[in-house]
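Comments concern the structure below.
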Amino acid sequence: MIDFLIIGGGVVGSALVRELSHYQGRTVLLEKGRMLSGVQSTHNSALVHPPAMMPPSKGKLKAELGRHGSRIHLTLADRFDVPVFQNGAIVTARTDDEIEALTALKQQSEKESIHTLTMLSREAMLEREPNLNPELKGGLYMPEAMSADTALLTERLAANARRNGAEIHTGTEVADLRSSGSGFEVETTSGRIFQSRFVINAAGAASAEIAAMIEDHVPFQTVPRRGEYMVLSRQASGYINHIIYPPPTSKTKGVLIIPQPDGTIRLGPTDTKQDSFQHALPTKEGMEQIRSEIDQLAAGVPYELTERLYAGIRSSITDPDFYIRPSETHQRLIHLAGLDSPGVTASPAVASYVLHEIIRRIEPVHRKMNPDLFGY
């Protein structure tokens, strides 16, 4: 009998299997793809948002877990030798009203004990970033922001989990989930059956599909949203030296300029609702939107150095906050849904939350005598 079975091997599922591998019991992760983090986790911005960009107004759990996760990422990147780009971010303003909004954001952040932000005049901002659009009025510097190699982080979280005794099965798609005695049976498309006391549904875009296998009523409604990106090659390295945000709005963080640890620069994402989770391809309209919005942020953008375009599907839900709750019908079944932005940032904190705030409230769990916290 398995103690903890996790469905989904993205960055959240991999953080979960690592977290649980440090505790007594048998832990197993099932991932339908041939590799981990092959869908939502690596088709995104690879961005670790700074705390001020995850305010409670965007969702209580998003703020709490995003801010905690942002701090944990620094430790994980260091201990697992994950490359990061860590020059911080500048949130820009085009108008006097937007300058006032950034000032208000700084003041609100200080009330929430975030004292790291610095207002930048137009001249100070352009001194830091000469290639920004000279029509910008100023900005707000946030030193905690960074980008990270999400695929490598996921790989090393999983390797650490294996080192601590967890089992990870890729190329293993779930076909059925059913209640069985004191636990659950998880049947794969190959006919193999796993029996487990707990099941954690961290299937991302397939989370509602997994839930529907066992729930009479799926407790959340998923909404597929497409995010498109343009990637400038390493030849563009140094063109921009901070992560650049557009002026924030109540709905979206907008299209960003995101330097990466490997020297490339990602431009994006768009945010477009679509009908299906099955297909995510770049579109002409998406690329035109990216160019239009990036041109408001920067001058002389070297689009001729574009090396690739890509798109990813975000698994949003109708509720603006994260959904991380046990099933109302099956106590040891835990659903994770709507872990869109800042899902990557929050991922290590999500794993800790599931363990300490949900599993431990159902039954005691005990740490192994000598857990290997960081080796891989």
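Met35 falls short on exactly one of the conditions (1) aliphatic (A, V, I, L, M); (2) in a loop (DSSP other than H, G, I, E, B); (3) under 30 Å from Val174 (Cα atoms); (4) touching a helix residue (DSSP H, G or I) at 6+ places or on another chain (Cβ under 8 Å), and that condition is (4).
No other residue among Asn87, Asn133 is in contact with a Pro (Cβ under 9 Å, 6 or more places away or on another chain), polar (S, T, N, Q) and surrounded by fewer than 20 Cβ atoms within 10 Å (Cβ to Cβ) apart from Asn87.
Given the condition β-branched (Val, Ile, Thr), over 27 Å from His279 (Cα atoms) and touching a residue at least 12 places away in the same chain (Cβ under 8 Å), answer yes or no: does some residue in segment 304-325 qualify? Scanning segment 304-325, I find no residue that is β-branched (Val, Ile, Thr), over 27 Å from His279 (Cα atoms) and touching a residue at least 12 places away in the same chain (Cβ under 8 Å), so the answer is no.
Of all residues being in contact (Cβ under 8 Å) with a residue 12 or more places away in the chain and among the small types (Gly, Ala, Ser) in segment 210-249, which is nearest to Gly9 (Cα to Cα)? Just the residue, please. Going through the qualifying residues, I end up with Ala211.
Tell me, yes or no, whether segment 68-84 has at least one residue that is β-branched (Val, Ile, Thr), farther than 15 Å from Ala351 by Cα, in contact with a Phe, Trp or Tyr (Cβ under 7 Å, 6 or more places away or on another chain) and touching a residue at least 40 places away in the same chain (Cβ under 8 Å). Looking for residues that are β-branched (Val, Ile, Thr), farther than 15 Å from Ala351 by Cα, in contact with a Phe, Trp or Tyr (Cβ under 7 Å, 6 or more places away or on another chain) and touching a residue at least 40 places away in the same chain (Cβ under 8 Å), one finds none in segment 68-84, hence no.
Out of all the residues in segment 142-151, is one or more open to solvent by less than 40 Å² (accessible area, probe 1.4 Å) and either free of Cβ contacts under 8 Å to residues at least 60 places away in the same chain or touching an Asp or Glu at 6+ places or on another chain (Cβ under 9 Å) (or both)? Among the residues of segment 142-151, not one is open to solvent by less than 40 Å² (accessible area, probe 1.4 Å) and either free of Cβ contacts under 8 Å to residues at least 60 places away in the same chain or touching an Asp or Glu at 6+ places or on another chain (Cβ under 9 Å) (or both), which makes the answer no. Listed by first and then second residue, the pairs with beta-carbon distance under 8 Å, at least 6 apart or on different chains, first residue in segment 152-179 and in contact (Cβ under 8 Å) with a residue 24 or more places away in the chain, second open to solvent by 10 Å² or more (accessible area, probe 1.4 Å) and among the polar types (S, T, N, Q), are Thr154/Ser41; Thr154/Thr42; Thr172/Ser190; Glu173/Thr189; Val174/Thr189. What residue, among those in segment 95-130 that are surrounded by fewer than 17 Cβ atoms within 10 Å (Cβ to Cβ) and polar (S, T, N, Q), is nearest to Pro55 (Cα to Cα)? If we take residues in segment 95-130 being surrounded by fewer than 17 Cβ atoms within 10 Å (Cβ to Cβ) and polar (S, T, N, Q), then Gln108 is nearest to Pro55 (Cα to Cα).
The values are calculated or read from the model by the stated rules, or taken from the named source; none is laboratory data. Everything quoted here is computed from the prediction, not taken from an experiment. Here the Cβ is made from the backbone with ideal geometry for all residues, glycine too, and neighbour counts use every protein chain on show. The area values use the complete protein model at the heavy-atom level, side chains included, leaving out ligands, DNA and RNA. Shrake-Rupley method; radii C 1.70, N 1.55, O 1.52, S 1.80 Å.
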